[in-house]
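Chemist: First, the structure itself, so that you have it in front of you.
The values are calculated or read from the model by the stated rules, or taken from the named source; none is laboratory data. Quick caveat: nothing in here was measured; it's all calculated off a predicted structure. Every residue, glycine as well, gets a Cβ built from its backbone with ideal geometry; the counts of neighbours run over all protein chains shown. In case anyone asks, the SASA skips ligands and DNA or RNA and just uses the protein heavy atoms, side chains included. Shrake-Rupley method; radii C 1.70, N 1.55, O 1.52, S 1.80 Å.
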Amino acid sequence: MSRVRPAPLPVRDGLGPARVRLRGGAVLVELADRFGESVAAKVFGGEVVTADGDVVTAGTVLPPGAHVYLYRDLPHEVPVPFAMPVLYRDEDIVVADKPHFLATMPRGRHVAETAVVRLRRELDLPELCPAHRLDRLTAGVLLFTTRREVRGRYQRLFAEGAVGKVYLARSSGRTDVELPTVVRSRIVKQRGRLQAFEETGETNAETLVEHVAGDLYRLTPRTGRTHQLRVHMAGLGLPLRGDPLYPDIVDVAPDDFTQPLQLLAHSIEFDDPITGEARRFVSERTL
């Protein structure tokens, strides 16, 4: 199995460098064409390096497929006005109680206002990395690794389905759905399309849905497809309260935090891959 090479620039203020895959040729010309003069100016400032850590100059030429690294200029972001308590911490892992509206990792317009960047800054842990992800609109238990050496072992637990996960959700949908039930389908999420969707074909998503009381439901996913719980609940006629995507797309202003999605990653449990200890972490949040 090939390993991703460590970046030649360190994490700075909670953010790692951006990696740019090149088309080939003069690096300065390509960066200017693709990203504009502000990025090209970083070459003259000695702020762009190759995968080997060599500083890119105005005359540097690299082959197609080569990578260069640089620190990105941060976009303006609306602060997410909710705290993220740490539920547990040791030398290998940090478990946080992520709030609604906070993305797990930098992506698109969410960079500094993300769970991993916040915690790197607050805990002074530059190698902190999530072992799995929660949607930006989902709150609850989120596990991070503290060191590069242990990262793969915890991420593998999630990839192999060795982590038990329980979610709580609220829905004001139908009341005649026969529960409990196991929903199985094929879910596809295409790049550039906001909604994931179900299609015919081999099943890749499975969720146990149970009614708790009133409008509260317990969801136990056996797989981890993007938006899986939201898609499955909407498909049952039980769309989640506060969901701006399912069943219909609703435009929400970036600074509107008044209607959080009623979905909570309530607990995770697994056998620790390093100590062998049985672990269980439970969110302190309620819906």
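So that you can scan it fast, the table gives a plain yes or no per residue for (1) out of contact with any strand residue (DSSP E or B) (no Cβ under 8 Å at 6 or more places or on another chain); (2) of a type outside the set (A, V, I, L, M); (3) free of Cβ contacts under 8 Å to residues at least 12 places away in the same chain:
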position: Leu194; (1), (2), (3): yes, no, no
position: Gln228; (1), (2), (3): no, yes, no
position: Tyr246; (1), (2), (3): no, yes, no
position: Asp251; (1), (2), (3): yes, yes, yes
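Chemist: In the range 154-163, which residue that is under 18 Å from the mean Cα position of the chain (by Cα) and of a type outside the set (Asp, Glu) is most open to solvent (accessible area, probe 1.4 Å)? Full working, then the answer.
Modeler: Step one: filter the range 154-163 for residues under 18 Å from the mean Cα position of the chain (by Cα), giving 154-161, 163.
After this cut, where a residue has to be of a type outside the set (Asp, Glu) as well, the list is 154-159, 161, 163.
Numbers: Tyr154: 1, Gln155: 67, Arg156: 115, Leu157: 24, Phe158: 35, Ala159: 89, Gly161: 57, Val163: 14 Å².
Among residues in the range 154-163 that are under 18 Å from the mean Cα position of the chain (by Cα) and of a type outside the set (Asp, Glu), the one most open to solvent (accessible area, probe 1.4 Å) is Arg156.
Chemist: Are any residues in the range 38-60 loosely packed, with under 11 Cβ neighbours inside 10 Å and part of a loop (DSSP other than H, G, I, E, B), and if so, which ones? Break it down stepwise before answering.
Modeler: Looking only at the range 38-60, we keep the residues that are loosely packed, with under 11 Cβ neighbours inside 10 Å, and these are 38, 45-46, 52-53, 59.
Selection gives Gly45, Gly46, Asp52, Gly53, Gly59.
Chemist: Being touching a residue at least 12 places away in the same chain (Cβ under 8 Å) and part of a helix (DSSP H, G or I) narrows it down to one of Val166, Val177, Val150, Val182, so name that one. Lay out the reasoning, then the answer.
Modeler: Working: Val166 fails: part of a helix (DSSP H, G or I); Val177 fails: part of a helix (DSSP H, G or I); Val182 fails: part of a helix (DSSP H, G or I).
Val150 is the lone residue from the list that is touching a residue at least 12 places away in the same chain (Cβ under 8 Å) and part of a helix (DSSP H, G or I).
Chemist: Using the structure shown, decide if Leu168 is open to solvent by 10 Å² or more (accessible area, probe 1.4 Å), of a type in the set (A, V, I, L, M, F, W, C) and either assigned by the TED database to the domain that holds Phe197 or in contact with a strand residue (DSSP E or B) (Cβ under 7 Å, 6 or more places away or on another chain) (or both). Full working, then the answer.
Modeler: On the way: open to solvent by 10 Å² or more (accessible area, probe 1.4 Å): yes; of a type in the set (A, V, I, L, M, F, W, C): yes; either assigned by the TED database to the domain that holds Phe197 or in contact with a strand residue (DSSP E or B) (Cβ under 7 Å, 6 or more places away or on another chain) (or both): yes.
Considered against the rule, which asks whether it is open to solvent by 10 Å² or more (accessible area, probe 1.4 Å), of a type in the set (A, V, I, L, M, F, W, C) and either assigned by the TED database to the domain that holds Phe197 or in contact with a strand residue (DSSP E or B) (Cβ under 7 Å, 6 or more places away or on another chain) (or both), Leu168 comes out as yes.
Chemist: Tally time: how many residues in the range 171-184 are within 30 Å of Asp251 (Cβ to Cβ) and either open to solvent by 70 Å² or more (accessible area, probe 1.4 Å) or at pLDDT below 95 (or both)? I'd like the intermediate steps shown before the answer.
Modeler: Looking only at the range 171-184, we keep the residues that are within 30 Å of Asp251 (Cβ to Cβ), and these are 171-175, 177, 183.
Going one step further and asking which of them are either open to solvent by 70 Å² or more (accessible area, probe 1.4 Å) or at pLDDT below 95 (or both), we end up with 172-175, 177.
Residues that pass the stated criteria total 5.
Chemist: Show the residue pairs meeting these rules: Cβ distance below 7 Å; 6+ apart or different chains; first residue within the range 80-91 and in contact (Cβ under 8 Å) with a residue 40 or more places away in the chain; second residue part of a strand (DSSP E or B) and not aliphatic (A, V, I, L, M).
Modeler: Correct list of pairs: Pro85/Asp97; Leu87/Asp97; Leu87/Phe281; Tyr88/Phe281.
Chemist: Let me spell it out: the conditions are (1) open to solvent by 30 Å² or more (accessible area, probe 1.4 Å); (2) in a strand (DSSP E or B), and Glu91 meets all of them except one. Which number is the exception?
Modeler: Of the numbered conditions (1) open to solvent by 30 Å² or more (accessible area, probe 1.4 Å); (2) in a strand (DSSP E or B), the odd one out for Glu91 is (2).
Chemist: Separate question: What's the number of the only condition in (1) in contact with a Gly (Cβ under 6 Å, 6 or more places away or on another chain); (2) open to solvent by less than 30 Å² (accessible area, probe 1.4 Å); (3) closer than 23 Å to Leu87 by Cα that Leu238 fails to meet?
Modeler: Against the list (1) in contact with a Gly (Cβ under 6 Å, 6 or more places away or on another chain); (2) open to solvent by less than 30 Å² (accessible area, probe 1.4 Å); (3) closer than 23 Å to Leu87 by Cα, Leu238 comes up short only on (3).
Chemist: Can you name every residue in the range 134-147 that is within 17 Å of Gly14 (Cβ to Cβ) and either open to solvent by 40 Å² or more (accessible area, probe 1.4 Å) or touching a helix residue (DSSP H, G or I) at 6+ places or on another chain (Cβ under 7 Å) (or both)? Please lay out each step first, then the result.
Modeler: Pass one, the range 134-147, residues within 17 Å of Gly14 (Cβ to Cβ): 142, 144-147.
Those that are within 17 Å of Gly14 (Cβ to Cβ) and either open to solvent by 40 Å² or more (accessible area, probe 1.4 Å) or touching a helix residue (DSSP H, G or I) at 6+ places or on another chain (Cβ under 7 Å) (or both): Leu142, Phe144, Thr145, Arg147.
Chemist: Now a separate question. Sort out which residues of the range 185-200 are in a loop (DSSP other than H, G, I, E, B), at negative phi, open to solvent by 40 Å² or more (accessible area, probe 1.4 Å) and not hydroxyl-bearing (Ser, Thr, Tyr), and write them in order of number.
Modeler: Taking the range 185-200 as the starting set, the residues that turn out to be in a loop (DSSP other than H, G, I, E, B) are 189-196, 200.
After this cut, where a residue has to be at negative phi as well, the list is 189-191, 193-196, 200.
With open to solvent by 40 Å² or more (accessible area, probe 1.4 Å) added as a condition, the list becomes 189-191, 193-195, 200.
Once the filter is applied, which keeps residues that are in a loop (DSSP other than H, G, I, E, B), at negative phi, open to solvent by 40 Å² or more (accessible area, probe 1.4 Å) and not hydroxyl-bearing (Ser, Thr, Tyr), the range 185-200 yields Lys189, Gln190, Arg191, Arg193, Leu194, Gln195.
Chemist: Test of understanding: among Ala103, Ala112, Ala7, Ala18, which residue is touching a Lys or Arg at 6+ places or on another chain (Cβ under 6 Å), at pLDDT below 95 and surrounded by 15 or more Cβ atoms within 10 Å (Cβ to Cβ)?
Modeler: On the way: Ala103 fails: at pLDDT below 95; Ala112 fails: touching a Lys or Arg at 6+ places or on another chain (Cβ under 6 Å); Ala7 fails: touching a Lys or Arg at 6+ places or on another chain (Cβ under 6 Å).
After applying the criteria, what remains is Ala18.
Chemist: Of everything in the range 248-268, what is over 17 Å from Glu284 (Cα atoms) and touching a Gly at 6+ places or on another chain (Cβ under 8 Å)? Give them in sequence order. Please lay out each step first, then the result.
Modeler: Keep residues of the range 248-268 that are over 17 Å from Glu284 (Cα atoms), which gives 248-259.
Matches in the range 248-268: Gln259 only.
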